[in-house]
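Before any comments, here is the structure.
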Number of protein chains: 2
Amino acid sequence: MYYSQVTSCISIPRAILLQPKTNWPSSKPGNERRRAGHWTRVPRNVNMEGLRRGYLFPEISVREYEHARRNPDARLIRLGIGDTTQPIPDTITAAMAEHAYALSTTRGYRGYGAEQGDMELRMAIAETLYRGTGVKGSEIFVSDGAQCDISRLQMLLGSDVKVAVQDPSFPAYIDTSVIVGQSGKLEEKTGKYNNIVYMNCGAENNFFPDLSATPRTDVIFFCSPNNPTGSAASWKQLKQLVDFAKTNGSIIVYDSAYAAYISDESPRSIFEIPGAKEVAIEISSFSKFAGFTGVRLGWTVVPEELKYANGFPVIEDFNRIVCTCFNGASNIVQAGGLACLTGDGYQAVRNVVGYYKENAKILVEAFASLGLKVYGGENAPYVWVHFPGTCSLNVFDQILEKTHVVTVPGRGFGPGGEEYIRVSAFGHRENIIEASLRMKKLFN
Amino acid sequence: MYYSQVTSCISIPRAILLQPKTNWPSSKPGNERRRAGHWTRVPRNVNMEGLRRGYLFPEISVREYEHARRNPDARLIRLGIGDTTQPIPDTITAAMAEHAYALSTTRGYRGYGAEQGDMELRMAIAETLYRGTGVKGSEIFVSDGAQCDISRLQMLLGSDVKVAVQDPSFPAYIDTSVIVGQSGKLEEKTGKYNNIVYMNCGAENNFFPDLSATPRTDVIFFCSPNNPTGSAASWKQLKQLVDFAKTNGSIIVYDSAYAAYISDESPRSIFEIPGAKEVAIEISSFSKFAGFTGVRLGWTVVPEELKYANGFPVIEDFNRIVCTCFNGASNIVQAGGLACLTGDGYQAVRNVVGYYKENAKILVEAFASLGLKVYGGENAPYVWVHFPGTCSLNVFDQILEKTHVVTVPGRGFGPGGEEYIRVSAFGHRENIIEASLRMKKLFN
């Protein structure tokens with residue numbers, strides 16, 4: 001069987017494949033290496049040269065791989081990358097299977113769909129997840145995932161905008177910013193790109209940036225519930241953010257990929273804030289909401305009200321990007337997305353989310369019982385543990401060495417993540433309990 | 001049922017939705033329109049401003065839509081956009097359905113896969129479609145389609161390269177070139193962007209560019225079998241192209257999306273030419289090969305031998321783009337791709353391709369019987385008909401008006417497509433025969 005051939009345990013982590021191993025000369029003339037074989041005369045994209053080399057995630061993968069090699073008998077528990085582990089409810093996979101089978105019939109065959117996604121799915125997203133916000137189906141663009149939409153948004157925005165990001169945050173905002181040429185140079189000392197504004201979000205400011213001290217930028221990437229801190233911004237905080245963007249004429253790119261994990265009264269969407277349609281784009285995903293990490297489905301909301309400085313509607317350019325650079329999400333997968341939002345499907349995926357939230361609670365309790373400051377977990381599948389005064393990579397190493405549990409050092413999410421460890425609540429319950437026990441043994 | 005809700009006939013063509021209807025002021029200060037509602041202060045991307053507005057494809061969709069509205073009883077036959085119509089062989093959809101069902105089991109569930117694609121599929125592509133060329137599985141990046149990979153390649157290349165395209169050609173090469181800022185301005189008079197080299201490919205040069213008259217560029221987009229002309233370059237011609245690229249230090253981006261339609265001895269891949277691995281990237285797709293237009297699956301080959309001017313391997317940067325801007329093709333769809341290449345699947349998809357090739361033959365014969373010069377069809381699912389001295393949009397209009405058959409005016413593929421009409425061979429046989437009869441009536 002195709003799907004039963006990969007068994008879990010030790011395989012070469014995907015991130016270390018093909019990573020640049022050495023430093024290369026800059027593309028500037030006169031800087032060439034000694035030639036072996038034919039070289040073209042095409043200059044390497046200077047933006048690609050600007051990307052961090054040997055950055056933290058591949059390094060972590062290497063350490064995990066090395067650890068597994070040195071400890072072949074250890075039961076490694078992976079709470080590092082946030083990868084879903086629980087089966088998808090069968091009402092959803094049945095809808096996908098049915099759609100697949102139908103493609104073998106004259107009546108059920110479908111070729112190209114709308115690049116923007118099937119209107120029935122767009123309407124279902126609007127009605128189920130944006131009820132009362134004024135978001136319309138026609139403002140929703142179905143995609144193959146939020147990460148892909150981040151890069152399409154960056155193509156839309158181009159190189160002449162300045163962006164702000166939460167620090168710490170999901171690395172793709174900055175990496176894509178570098179790729180399209182917005183970022184300026186990396187300052188090795190600070191670990192920051194010099195044309196990007198880093199909005200510190202730490203325990204000292206309750207993981208919400210001090211906007212009064214934040215300079216204006218064209219674009220503000222804002223993820224809530226946040227990856228990695230697990231913190232969800234309150235209605236009042238998001239109102240401040242929307243007001244800030246409005247005053248500054250900025251566009252918020254709001255990432256709500258973890259909205260399904262919110263337990264308290266925090267908004268599930270930026271569009272719950274009045275006026276947000278004039279200043280915000282929202283990207284989101286079925287990955288963590290419905291276990292679609294490998295199935296691939298997401299969406300982006302671009303409101304009609306959002307305008308550039310010359311009054312041109314952003315939605316028209318984004319539509320052009322989607323039609324030119326994308327060709328729609330898989331029709332089979334879209335059928336699965338629709339099943340997640342209709343009938344029994346919605347409650348079924350909510351139950352899986354509930355399972356991961358219970359996992360998060362177990363992890364939070366375990367770390368808290370050790371007297372550590374623990375954040376996140378309540379509104380997100382990530383637990384963010386503070387180890388004051390430490391280097392997060394060392395804490396990561398120690399945990400891996402002593403407990404065979406893979407986490408992520410906070411430094412991987414930006415300088416503001418130092419001293420923290422992110423622990424993912426995605427996993428089988430037995431592994432979460434076992435990991436908790438090992439942590440208690442190690443730190444007690 | 002999800003898939004039975006859209007019936008064919010009259011629906012608003014997707015391309016006219018959300019198209020810019022008016023000219024907007026440039027983003028330059030002082031050029032603003034009278035303000036209605038809040039406008040941000042974010043400048044519209046100047047590259048997006050440079051894209052052709054109201055270009056031909058939406059215009060065609062509007063005309064098709066208007067025609068259908070005015071002739072509600074006419075049986076419209078759509079041989080315009082190249083959209084597959086025949087059911088996918090059930091051995092392939094069964095593999096996808098099986099994979100979907102397995103995602104509901106503890107044993108069969110899979111989260112994130114490798115961004116580059118499942119290694120089993122990459123190996124199968126290498127072994128089935130690149131046997132004897134030296135292309136390895138590790139050089140193949142599985143994607144959600146060739147169009148998506150074109151834009152990822154443009155992100156890779158950045159704005160500081162100069163590109164050449166065949167004229168006529170698939171519009172996405174130029175449009176993505178404009179979006180990333182390579183193109184310069186559009187000359188309204190010639191219909192050409194002034195920093196792009198247009199390589200004329202017409203009947204007078206047997207649809208292969210005169211390379212001796214072609215200036216050096218960094219990148220050469222080359223599609224064979226060509227969309228829209230249907231012409232496949234011979235081994236000798238491709239050898240010339242590879243030599244030309246090698247001499248100039250250029251990179252060929254070779255689009256082989258229609259390779260499965262080749263009937264004669266023309267190469268199926270640029271990598272059949274010795275030395276091509278040092279100068280070429282190849283993009284391809286399951287769309288036309290296996291009816292996956294709506295299922296979404298493609299791949300790109302980036303050989304290890306391909307180096308930038310500073311010796312840096314292109315594959316390493318492309319891998320970084322794939323990992324940052326993409327997250328892998330759907331695992332369900334990849335299972336389908338594997339089924340296309342193994343067991344009975346391969347012959348089954350070949351049979352469907354054979355059906356479309358038979359369609360093409362019928363169309364070629366119909367137009368030839370009218371004394372028209374007809375190209376393509378033998379090695380491609382497109383028939384390219386010459387109407388000397390005409391404006392292709394007028395011919396399109398006349399055919400639509402008189403026969404209710406939708407085609408594409410050649411001008412939509414660039415200035416070099418003027419005087420031609422592209423007719424797609426994708427369709428049910430009865431429609432192809434009916435369309436041929438109507439043409440014979442019209443032009444006889």
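Every number here is computed from the coordinates shown, using simple stated rules; none is lab data. What you see is a predicted model, and the numbers here were worked out from it, not measured in a lab. So basically every Cβ, Gly included, is an ideal-geometry build from the backbone, and we count neighbours across all protein chains shown.
Could the peptides B:214-224, B:249-259 be put in order, highest first, of the mean number of other beta-carbon atoms found within 10 Å of their residues? Before the final figure, lay out each step's value.
Details: B:214-224: 22.3, B:249-259: 25.1.
Put in order of decreasing packing, that is B:249-259, B:214-224.
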How high is the FRET efficiency between A:GLN347 and A:VAL62 when r is their beta carbon distance and R₀ equals 60 Å, given to the nearest 0.05? 0.90
Can you compute the FRET efficiency between B:ARG429 and A:HIS428 using 1/(1 + (r/R0)^6), with r the Cβ-Cβ distance and R0 = 41 Å? Round to the nearest 0.05. 0.20
From Cα coordinates alone, what are the radius of gyration and Dmax values for chain B in angstrom? 22.2, 65
Would you work out if the range A:85-158 is rounded, prolate or oblate? Take a ≥ b ≥ c from the square roots of the eigenvalues of the alpha-carbon gyration tensor; rounded if a/c is under 1.5, else prolate when a/b is larger than b/c, oblate otherwise. prolate
About the Cα centre of the range B:90-341, how large is the charge dipole given +1 on each Lys and Arg Cβ and -1 on each Asp and Glu Cβ? Please answer in debye to the nearest 20. 160
How large is the Kirkwood hydrodynamic radius of the range A:90-331, in angstrom, based on all distinct alpha carbon pairs? 18.7
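About its Cα centre, what dipole magnitude does chain A give when the only charges are +1 on Lys and Arg Cβ and -1 on Asp and Glu Cβ, stated in debye to the nearest 20?
Values: 46 positive and 45 negative charges, 278 e Å.
Roughly 1340 debye, rounded to the nearest 20.
Per-residue Cβ counts within 10 Å, from other chains only, averaged over A:107-119: what number is that?
On the way: counts 5, 7, 9, 10, 13, 9, 6, 7, 4, 3, 0, 5, 5.
Counting Cβ atoms of other protein chains within 10 Å of each residue's Cβ and averaging gives 6.
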Restricting to aspartates and glutamates and to Cα separations under 19 Å from A:LYS441, and discarding same-chain partners fewer than 8 apart, the set is A:GLU365, A:ASP397, A:GLU401, A:GLU430
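How much of the calculated P(r) for the range A:49-130 lies past 23 Å, in percent of all Cα pairs? Don't jump to the answer; show the numbers that get you there.
Values: 1942 of 3321 pairs.
It works out to 58 percent of all Cα pairs.
Let me make sure I get this right: for the range B:52-204, a, b and c are the square roots of the gyration tensor eigenvalues over alpha carbons, sorted descending. Under 1.5 in a/c it's rounded, otherwise prolate if a/b > b/c, else oblate. Which is it? Could the numbers behind the result be given before it?
Working: a/c = 2.23, a/b = 1.31, b/c = 1.70.
Oblate, since a/c reaches 1.5 and b/c is not below a/b.
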Where in the range A:345-379 does the amide nitrogen come within less than 16 Å of the point 7 Å from the Cα of A:GLU272, taken along Cα to Cβ? A:378-379
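When the Cα atoms of the range B:285-361 are enclosed in a convex hull and the volume is divided per residue, what value in Å³ results?
Numbers: hull volume 10.4 nm³, N = 77.
It is 134 Å³ per residue.
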Considering the options A:THR293, A:ALA164, A:SER256, tell which one lies farthest towards the positive end of the dipole of the range A:90-331, charges being +1 on Lys and Arg and -1 on Asp and Glu at the Cβ, about the Cα centre. A:ALA164
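Using mean Cβ contacts within 10 Å as the protection proxy, how do B:157-164, B:237-244, B:281-288 order, highest first? Write down the numbers at each step before the final one.
Working: B:157-164: 21.4, B:237-244: 19.8, B:281-288: 27.0.
Result, highest mean first: B:281-288, B:157-164, B:237-244.
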Based on DSSP H assignment, which helices of chain A show an axial Cα extent of at least 18 Å together with a mean Kyte-Doolittle hydropathy greater than or equal to -1.0? A:56-70, A:235-248, A:345-369, A:429-443
Relative contact order for chain B: what percent, with Cα pairs under 8 Å and sequence separation of 6 or more? 20
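Semi-axes of the protein assembly as shown's equivalent ellipsoid from the Cα gyration tensor, sqrt of 5 times each eigenvalue, largest first, rounded to whole Å? Please list the in-between numbers first.
Details: eigenvalues 388, 169, 164 Å².
Semi-axes, largest first: 44, 29, 29 Å.
Only helical DSSP H runs with n ≥ 4 go in: add -39500 (n - 2.57) per run for chain A, normalise by residue count and round the 222 nm mean residue ellipticity to 500 deg cm²/dmol.
Computed mean residue ellipticity for chain A: -11000 deg cm²/dmol.
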In 10 Å bins starting at 0, how do the alpha-carbon pair distances of the range A:320-444 split up by percent? 12, 34, 23, 19, 11, 1
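Across peptide B:145-155, how many C-beta atoms of other chains are within 10 Å of each residue C-beta, on average? It would help to have the intermediate numbers written out before the result.
Values: counts 5, 1, 7, 7, 1, 2, 7, 4, 0, 2, 11.
Partner Cβ neighbours, averaged per residue: 4.
Just counting partner chain Cβ atoms within 10 Å, what average do the residues of peptide B:290-300 show around their Cβ?
Details: counts 0, 5, 4, 7, 15, 10, 12, 1, 1, 0, 0.
The shielding value for this peptide is 5.
State which entries of B:LYS162/B:LYS307; A:LYS277/B:LYS185; B:LYS136/B:LYS236 exceed 27 angstrom in Cα-Cα distance in the structure shown. Kindly include the intermediate steps, with their values, before the conclusion.
On the way: B:LYS162/B:LYS307 17 Å; A:LYS277/B:LYS185 33 Å; B:LYS136/B:LYS236 24 Å.
Violating the 27 Å limit, Cα to Cα: A:LYS277/B:LYS185.
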State whether the range B:262-318 is rounded, prolate or oblate according to the following rule on the C-alpha gyration tensor (a ≥ b ≥ c being the square roots of its eigenvalues): a/c under 1.5 gives rounded; otherwise a/b larger than b/c gives prolate, and the remaining case gives oblate. oblate
